[in-house]
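Enquirer: What follows is a structure written as structure tokens; I'll ask about it next.
The values are calculated or read from the model by the stated rules, or taken from the named source; none is laboratory data. From a predicted model like this one, the values you see are computed outputs, not experimental measurements. With ideal geometry, Cβ positions are generated from the backbone for all residues, glycine too; neighbour counts draw on all protein chains shown. Heavy atoms of the whole protein, side chains included, go into the accessibility calculation; ligands, DNA and RNA do not. Shrake-Rupley method; radii C 1.70, N 1.55, O 1.52, S 1.80 Å.
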Amino acid sequence: MSGSMYEELFRDTFPFWNEISDEERELVRSHTNTFKYKKGESVHSSDGCSGVFMVRSGCLRVYIMSEEGKDITLYRLHPGDMCMLAASCVIQSITFDVFVDAEEDSECCVIEGNAYSRLSEGNPTVKIFSLETAVSRFSDVMWVMQQILFMSMDKRLAIFLYDEALRTSSDVINLTHEQIARYMGSAREVVSRMLKYFSNEGIVESSRKEGIRILDRRRLRDLAL
């Protein structure tokens with residue numbers, strides 16, 4: 001990606017971009033690279049400070065994993081989103097392991113962690129922005145934890161399907177039962193059983209070829225409330 005394209009990206013992403021010095025802007029430019037990831041490829045694992053990710057296309061999945069290998073999706077990143085949790089050298093209070101995979105073929109611009117850390121440490125405005133960005137994501141994480149700990153499975157699934165339909169502007173959810181279970185931190189059998197219940201109630205229709213089709217969005221919304 002050319003320097004001019006990076007410039008446009010930085011102006012759109014960072015509210016502080018025009019406030020920092022020419023030297024600071026050059027530090028970011030010279031330590032930014034574009035990477036392409038295949039679907040299913042690991043983007044960031046628990047070791048090291050990968051940097052600050054800005055998604056240009058595709059979708060990334062951010063998750064945590066237990067010692068037994070069970071993972072829970074914290075949130076997904078779509079074009080225009082930024083991930084700060086893969087840069088533990090920037091926000092040193094991040095003490096838990098975060099994993100990031102490409103859910104689709106994706107392209108990301110990545111600012112090297114050490115370079116962004118130098119910028120953040122030398123500029124309070126940048127540091128505040130970084131902390132606020134991380135805190136906003138922690139709100140998403142706490143919402144996931146609240147659902148897992150305190151909500152019934154039917155309500156959790158209704159929320160997931162309803163939010164996915166709003167995000168994609170479609171009544172067809174092109175995800176497998178296994179994928180939905182992974183996003184929700186549940187078992188595939190549990191998701192399949194609940195989808196069968198929704199199907200019997202006339203709320204959704206599920207098939208291997210067409211995925212999950214929402215038949216009664218109003219009832220699904222009522223379950224999600």
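Enquirer: Assigning unit charges at the beta carbon (Lys, Arg +1; Asp, Glu -1) and nothing else, what dipole magnitude in debye, to the nearest 20, does the chain show about its Cα centre? Mind showing how you got there, number by number?
Expert: On the way: 27 positive and 35 negative charges, 185 e Å.
Result for the chain is approximately 900 debye, rounded to the nearest 20.
Enquirer: So how do 186-193, 116-123 stack up, highest first, on mean other-Cβ count within 10 Å?
Expert: Going by the mean number of other Cβ atoms within 10 Å, highest first, we get 116-123, 186-193.
Enquirer: Quick one: how many Å² of Glu112 are accessible to a 1.4 Å probe, rounded to 10?
Expert: 80
Enquirer: Just the number, please: carbon plus sulfur as a percent of the accessible area of the chain, 1.4 Å probe, no ligands or DNA/RNA counted.
Expert: Answer for the chain: carbon and sulfur cover 48 percent of the accessible area.
Enquirer: Per DSSP helix of 4 or more residues, -39500 (n - 2.57); summed, then divided by the residues of the chain. What does that give at 222 nm, rounded to the nearest 500?
Expert: Helix contribution divided over all residues of the chain: -14500 deg cm²/dmol.
Enquirer: Name the residue from Ser136, Ile173, Tyr75 whose Cα lies farthest towards the positive end of the charge dipole of the chain, charges +1 on Cβ of Lys and Arg and -1 on Cβ of Asp and Glu.
Expert: Ile173
Enquirer: For an R0 of 22 angstrom, estimate the FRET efficiency from the Cβ-Cβ distance between Glu104 and Asp140 and round to the nearest 0.05. Could the numbers behind the result be given before it?
Expert: Numbers: r = 19 Å, r/R0 = 0.89.
Once rounded, the FRET efficiency stands at 0.65.
Enquirer: If you don't mind, another one. Let's test the formula: R0 of 22 Å, r as the Cβ-Cβ distance of Asn114 and Glu23. What FRET efficiency results, to the nearest 0.05?
Expert: The calculated FRET efficiency here is 0.85.
Enquirer: So with the 1.4 Å probe, I'd like the accessible area per residue for the chain, rounded to whole Å².
Expert: Result: 53 Å² of accessible area for each residue.
Enquirer: Quick one: length gained pulling Glu7 to Ser42 fully straight, 0.36 nm per residue minus the C-alpha distance?
Expert: So the extension gain works out to 9.9 nm.
Enquirer: Give the dimensionless ratio obtained when the Cα radius of gyration of the chain is divided by 2.2 N^0.38 Å. Intermediate results must be reported in sequence, preceding the final value.
Expert: Values: Rg = 19.5 Å, N = 225, 2.2 N^0.38 = 17.2 Å.
The chain yields a ratio of 1.13.
Enquirer: Next question, about the same structure. Could you tell me what a quarter of the Cα convex hull surface of the stretch 59-175 works out to, in nm² with one decimal place?
Expert: For the stretch 59-175, the mean projected area of the Cα convex hull comes to 8.9 nm².
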